[in-house]
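To start, the structure itself, in structure tokens.
The values are calculated or read from the model by the stated rules, or taken from the named source; none is laboratory data. Note that the structure is a prediction, hence the values are computed from the model and not measured. Positions of Cβ are backbone-derived with ideal geometry, glycine not excepted, and every protein chain shown enters the neighbour counts.
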Amino acid sequence: MGKNKLAVFGVGVIIILSLAAAFAPFISTHDPAAINIKDALLGPSRQHFLGTDQLGRDIFSRMIYGSRVALSIGLVAVGIAAIIGIVLGSIAGFYGGWIDSLIMRFVDIMLCFPRFFLILSVVAIVGPNIFNVMVIIGLTGWMGVARLIRAEILSLKSRDFISASRALGANNFHIIFRHLIPNGIGPVLVSFVFGVAGAILTEAGLSYLGLGVQPPKASWGNILFEGRAVLGVGWWMILFPGLAILITVLSFNLFGEGLRDIINPRTRE
Amino acid sequence: MLSYIIKRIIGIIPLLIGITIISFLVIHLAPGKPTELMLQMNPKAALEAQEKLDKIFGLDRPLHIQYLTWLKDFFRFDFGVSFIDGRPVRDKIFERMPITILINVLALLVIFIFSIPIGIKSAIRRGSFFDRSITIFVFLGFAAPGFWLALILMDLFSVRLGWFPVSGITSLDFENFSHLGKIADVAHHLILPIFVASIGGLAGVSRYMRQSMLNIIHQDYIRTARAKGLSERLVIYRHALRNALLPIITILGLSVPGLISGSVIFESVFSIPGMGKLMVDAVFARDYYTIMGGLVLSALLTLIGNLLADITYAYIDPRIRYGKK
């Protein structure tokens, strides 16, 4: 019972966040990149709701703009992972045989790499910026989707309505894209929601290391990166962006749990 | 059992080849050669020098030849020389691997020791205050970024309260300590990092343990055990627990790459000289050979972790050993 309310809470937070991202220029009180050394490292006040950083930039405004980064990285990375995962997973599940073995071995191999090691290696080559980070998180995060959709298609493909469609003369393309994927997409959709949460966490981690979104562009992770230098003094630079990440990731996870219960009532407790 | 182990090890070979191919391609698809970077730091070097360097590193040969050469060196644990300080990458990685492995093994231990009783208790007292508090902890544990948690703990316990050292794994006067003192010193430094490293796994595994226990409790043989008058203790700890533990071993095996991934973060936060920190430093310096060596070895560690989990599973559950596959 309580679970539904939690899912609604999650959706509510996601909506508020999306609005903040969309209307960032109107909500933020300062220019997020404006440097003002004489206001450096001020605590939260009426002037600066969440304080300022070493360069006197307004943390509240930087965090509002940071929500754009978090959401767009979450969505684009998951979009890329979804396309690769769905295409490879459905090909593997539908054709079976050596194609299946080949694709699934590739999945196994990709899963052997600790994700951060792989991401860092690629960042070292292509350089850190918001676009590269989105793409790399997507390219290293499709394996779960591929496994899920393959399993769904394997269980669907011998069902009667597929045989019926084939008897009516449908080709493989039609069967995969009009019947198998739409019917098997449920659990995969749920995994997208969890995927957004994971991508936001990954971006924050990368930016915290200084290898993600680069200042002056604000991201929650790079505010934390700069906050680390003033550990023990500028607590507001550490507390607030971290809470933003926590609440956002929590909301996507709660939303995902709720969605899973709707799609598959058996998991309901 | 032995034949099962051999079969598993043979099954690993294609994965190993795949890992080396992907690691090799990732680095070699880079625009520009590593030698160009070396020369950027030295403006006096001419094109001629670059060609010479290419020859030394073998970069003038076709890609597949380069791969095979690299593979041959790789199996002799020769990963090339670091661009930063000219030391062999092998030495740099191997002197840092023990600390990363130590922290991850200890973290796994912590996860195992705490999450299992937590999972059991949540399952038996489902819906209780304890169960609900644990559920909240699980969701927070999943959502809290590890490095943020680390920063908060450092700010509170190290900077403000001074209970724990701020960074590193040894104190400045480490050399003067007795044997026991040295162990105590390292342990003192590792408490916060291990806590941070295990928190995500703790949340995940106790959740799985709870689910696994709930699945078992409703099975017929548990009802039979109760019906023949066994005490609740015996039913839960003798009959239910053994079967509920099985999937947990797989989960622990699967959490290995995540833990190693996490080393990158918490080693950076706590300035621990392990593989994760080495990797981050190498990325900043674009030290390609170190990156490549670190990438391959991290995947290798994952493979070994998964293999150990599989073997343990087969050892405990004969159905796997003698099963179809």
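Observations, loosely collected:
- Number of positions in region A:92-146 that are of a type in the set (Gly, Ala, Ser) and more than 14 Å from chain B (Cβ to nearest Cβ): 6
A quick yes/no check of all residues on (1) closer than 21 Å to A:Ile149 by Cβ; (2) among the basic types (Lys, Arg):
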| site | (1), (2) |
| --- | --- |
| A:Ile175 | yes, no |
| A:Arg178 | yes, yes |
| A:Ile181 | yes, no |
| A:Phe192 | yes, no |
| A:Ala204 | no, no |
| A:Leu209 | no, no |
| A:Gly227 | no, no |
| A:Trp235 | no, no |
| A:Ile247 | no, no |
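- Checked against (1) under 25 Å from B:Ser212 (Cα atoms); (2) in a loop (DSSP other than H, G, I, E, B), B:Asn243 passes all but a single condition, namely (2).
- Among the residues of region B:216-225, some residue qualifies, meaning at least one is assigned to a helix (DSSP H, G or I) and touching a residue at least 40 places away in the same chain (Cβ under 8 Å).
- Close contacts from region B:287-315, counting a first residue that is within 11 Å of chain A (Cβ to nearest Cβ) and closer than 24 Å to B:Ser82 by Cβ and a second that is hydroxyl-bearing (Ser, Thr, Tyr) and in a helix (DSSP H, G or I), with Cβ to Cβ under 6 Å and a gap of 6+ residues or different chains, come to B:Ile291/A:Ser121; B:Met292/B:Ser23; B:Leu295/A:Ser121; B:Leu295/B:Ser23; B:Val296/B:Ser23.
- Any hit, region A:64-75, residues being under 15 Å from the mean Cα position of the chain (by Cα), surrounded by fewer than 19 Cβ atoms within 10 Å (Cβ to Cβ) and within 25 Å of A:Gly186 (Cβ to Cβ): yes
- Spans of helices (runs of 4 or more DSSP H) in region B:260-325 with at least 3 residues small (Gly, Ala, Ser): B:275-285, B:288-316
- Residue match in region B:112-121 (condition: surrounded by fewer than 20 Cβ atoms within 10 Å (Cβ to Cβ) and either facing chain A (nearest Cβ under 8 Å) or part of a loop (DSSP other than H, G, I, E, B) (or both)): no
- Any hit, region B:212-233, residues being more than 14 Å from every other protein chain (Cβ to nearest Cβ) and touching a Pro at 6+ places or on another chain (Cβ under 9 Å): yes
- First in region A:155-179 and in a loop (DSSP other than H, G, I, E, B), second anywhere and among the hydrophobic types (A, V, I, L, M, F, W, C), Cβ under 8 Å, 6 or more apart: A:Lys157/A:Phe94; A:Lys157/A:Leu180
- Pair list, Cβ under 8 Å, 6 or more apart: region B:63-90 residue among the basic types (Lys, Arg), other residue assigned to a helix (DSSP H, G or I): B:Arg90/B:Gly293
- Residue within region A:93-100 that is closer than 30 Å to A:Thr248 by Cβ and surrounded by fewer than 18 Cβ atoms within 10 Å (Cβ to Cβ) present: no
- The set of residues from region B:123-149 being facing another protein chain (nearest Cβ under 10 Å) and basic (Lys, Arg) comprises B:Arg126, B:Arg132.
- Across region A:43-100, the qualifying residues are those that are among the charged types (D, E, K, R) and modelled with pLDDT of 90 or more, and the one among them that is nearest to A:His174 (Cα to Cα) is A:Asp100.
Residues checked against (1) over 30 Å from B:Ser271 (Cβ atoms); (2) in contact with a Leu (Cβ under 7 Å, 6 or more places away or on another chain):
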{"site": "B:Ala197", "(1), (2)": "no, yes"}
{"site": "B:Gly201", "(1), (2)": "no, yes"}
{"site": "B:Arg207", "(1), (2)": "yes, no"}
{"site": "B:Leu214", "(1), (2)": "yes, no"}
{"site": "B:Tyr221", "(1), (2)": "yes, no"}
{"site": "B:Ala225", "(1), (2)": "yes, no"}
{"site": "B:Ser231", "(1), (2)": "yes, no"}
{"site": "B:Ser255", "(1), (2)": "no, no"}
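- Screening A:Lys5, A:Lys38 for residues that are without any contact (Cβ under 8 Å) to a residue 60 or more places away in the chain, among the basic types (Lys, Arg) and more than 23 Å from A:Arg228 (Cα to Cα) leaves exactly one candidate, A:Lys5.
- Test: A:Leu231 is free of Cβ contacts under 8 Å to residues at least 24 places away in the same chain, at the interface with chain B (Cβ under 10 Å from one of its Cβ atoms) and closer than 20 Å to B:Phe266 by Cβ: yes
- Filtered by the rule that a residue be within 30 Å of the chain's Cα centre (by Cα) and part of a loop (DSSP other than H, G, I, E, B), region A:36-55 gives A:Pro44, A:His48, A:Phe49, A:Leu50, A:Gly51, A:Asp53, A:Gln54, A:Leu55.
- Close pairs from region A:82-98: first in contact (Cβ under 8 Å) with a residue 40 or more places away in the chain, partner among the hydrophobic types (A, V, I, L, M, F, W, C) and not in a helix (DSSP H, G or I), Cβ under 6 Å, at least 6 apart: A:Ile84/A:Trp142; A:Gly85/A:Trp142
- Filter result (part of a helix (DSSP H, G or I), within 14 Å of chain A (Cβ to nearest Cβ) and either polar (S, T, N, Q) or in contact (Cβ under 8 Å) with a residue 12 or more places away in the chain (or both)) within region B:150-183: B:Ala150, B:Leu151, B:Leu153, B:Met154, B:Phe157, B:Ser158
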